[in-house]
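> Can you keep this structure in mind? I'll have questions shortly.
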Amino acid sequence: MRAGGAALADRQRERNSGIELLKLFAILLIISSHVFQTLAGLGDTDPIPSAIPLDRATVNPQFFFASLFGYHGAFGNGIFFLCSAWFFLDGKIPSRRKLFQTLLTIWTVSVLLFGIAFPFSGGAMTPKLLLRQFFPTSYSNNWYLTCYLVFALICPVLNRLIFAMEQRRLLLISVGLVLFRFGFCFLVRGSWELLGSELVTWIVIYFALAYAHRYLRKTIESPRRMAALLVAGLAAHLATVGLLNLLGLRFSAFSNRLLLFSSLLYPFPLLVSFALLMLARRATFHSKTINGLAGLSMLLYIIHENILLRRYYRPPFAELLLRRFGDGAPLLVLLVLTLIVALFALVCSILYALLLKKPVNRFAGWLYDRLSALAHRATERLVRLQ
């Protein structure tokens, strides 16, 4: 009985591979969206000489479908955030110790990649770029992870507020926040800048998700309804981008606005991401391979979009593929370069997990304990002074 009970407990602790598979799909979407930015000459790096204007209205079906890759980041980040938020609402919030280990992992990978890339940069790195490499979370080299760390720290406070509210109050607050953030702030872009960052959007989404989590379980756990939401969200997304393309062909003001809704203020990727999460929760199977690969998601994210790699190493590969296949085949170039970037990040992630993950986490745990002890002693001294 004891052995059987232990086996049952292990199975209960094992991660649902349906959700883990969804995370792998999400990281591929994110990688493809960043590759798209390189090919389209967008983002915070200098455009490559052969950049394809994939953000412009077009009559070429292949160019139109290639432009949809620019929205993949919204879908991928939406999936990752909603997965995390759902677990946070279940009380599965990472400890501060775990978050500190994540912080040190981000820093370690960033510094390692600097050590590898710097000798081949030809001295082209600016002081600002070097500073961003050594302070990756402070300067948001990977904005999602910076936002995730801050959100996880404030989540216990949000949970106390949410679970102290009655249903009517939570509904009113959620609806009000959603209308303000996704309506007014989208129309008045100055408000978007004034109110800050994606963190505010995450908090708004969290309140709305909390209402569904607490009071709409029967609806959101219906496979038929979630499949309908998935189809409707995808259809609405394609129709919206198609309409933007038609407007761009007709009016010059919309000619380069094909990616107008590729942000977190656009609801359809969130609805699709939510439907996928609810459906994935029902796919309760377990695969060590899928769970192992999904466990590398954070490393894949950090490595593939490291600022040095995306500025100095991804563009030459993009130029090489464009010369090989021509700029008339953007879909093929996007797929091939996405595969190359994903495989490179996967190999690096596996090497890090095998060689450095345990020692870095042990050191992070030791350092966290020392810093916590120092903070505790300092607090006690301040209390005595009062």
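> Among all helices in the chain defined by DSSP H, which have a length of 15 Å or more along the axis from Cα atoms plus a Kyte-Doolittle mean of at least -0.5?
What comes out of the filter, once short or polar helices are dropped, is 17-40, 72-89, 96-117, 143-163, 167-179, 198-215, 223-250, 267-282, 314-325, 330-355, 357-385.
> For the range 213-283, which trypsin sites (Lys or Arg not before Pro) pass both filters: DSSP loop (anything but H, G, I, E, B) and at most 16 other C-beta atoms within 10 Å?
257
> Ok, one more. Give me the tail of P(r) for the chain as a percent: Cα-Cα pairs with distance above 40 Å.
The calculated P(r) of the chain puts 19 percent of pairs beyond 40 Å.
> For 174, 197, 67, which order do you get if you count the other beta carbons within 10 Å of each Cβ and list the fewest first?
Values: 174 21, 197 15, 67 25.
Listing 174, 197, 67 from fewest to most nearby Cβ atoms yields 197, 174, 67.
> Would you mind counting up the charge near residue 155? Only other residues with Cβ under 14 Å from its Cβ, with Lys and Arg at +1 and Asp and Glu at -1.
+3
> In whole percent, what relative contact order does the range 156-286 give with Cα contacts below 8 Å and a gap of six or more residues?
Across the range 156-286, relative contact order equals 26 percent.
> Sticking with this one: What's the magnitude of the charge dipole for the chain around its Cα centre, counting Lys and Arg as +1 and Asp and Glu as -1 at the beta-carbon? Answer in Debye, nearest 20. Please list the in-between numbers first.
Values: 39 positive and 16 negative charges, 243 e Å.
Roughly 1160 debye for the chain.
> About the Cα centre of the range 144-284, what is the dipole size in debye to 20, counting +1 per Lys and Arg Cβ and -1 per Asp and Glu Cβ, all else neutral?
Dipole magnitude for the range 144-284 comes out near 440 debye.
> Right, another one. So how much slack lies between residue 59 and residue 379, counting 0.36 nm per residue of separation and subtracting their Cα-Cα distance, in nm?
108.7 nm
> List the chymotrypsin sites (Phe, Trp or Tyr not before Pro) within the range 277-319 that DSSP assigns to loop and that have no more than 14 neighbouring Cβ atoms inside 10 Å. Please list the in-between numbers first.
Values: sites: 285, 301, 312, 313, 317; in loops: 285.
Qualifying residues, ordered by number: 285.
> What is the magnitude of the charge dipole of the range 256-386 about its Cα centre, with +1 placed on the Cβ of each Lys and Arg, -1 on the Cβ of each Asp and Glu, and no other charges, expressed in debye to the nearest 20?
380
> Let me ask you something else. Report the Cα centroid-to-centroid distance between the range 237-253 and the range 69-85 in angstrom, as an integer.
Between the Cα centre of the range 237-253 and that of the range 69-85, the gap is 23 Å.
> I've got another one for you. Cα-Cα over 27 Å: which of 98/218; 128/358; 92/128; 92/357; 218/288?
Values: 98/218 33 Å; 128/358 31 Å; 92/128 37 Å; 92/357 22 Å; 218/288 31 Å.
Result: 98/218; 128/358; 92/128; 218/288 exceed 27 Å.
> Here is a further query. Could you compute the net charge surrounding residue 223? Neighbours are other residues with a C-beta less than 13 Å from the C-beta of residue 223; K and R count +1, D and E count -1.
For residues surrounding residue 223, the net value is +4.
> Along the charge dipole of the chain, Cβ charges K/R +1 and D/E -1, which of 383, 27, 73 sits furthest on the positive end?
383
> Can you tell me the relative contact order of the chain? Whole percent, Cα pairs under 8 Å, sequence separation 6 or more.
The value is 33 percent.
> When the helices in the chain are scored as -39500 (n - 2.57) per DSSP H run of 4 or longer and the sum is shared across all residues, what 222 nm value do you end up with, to the nearest 500 deg cm²/dmol? Present the calculation step by step, with values, prior to reporting the outcome.
Details: 18 runs with 280 residues, N = 386.
That calculation yields -24000 deg cm²/dmol at 222 nm.
Readers should treat all values here as calculations from the given coordinates under stated rules, not as data from a laboratory. Not measured: the values here are computed from a predicted model. As a convention, Cβ positions derive from the backbone with ideal geometry for all residues, glycine included, and neighbour counts pool all protein chains shown.
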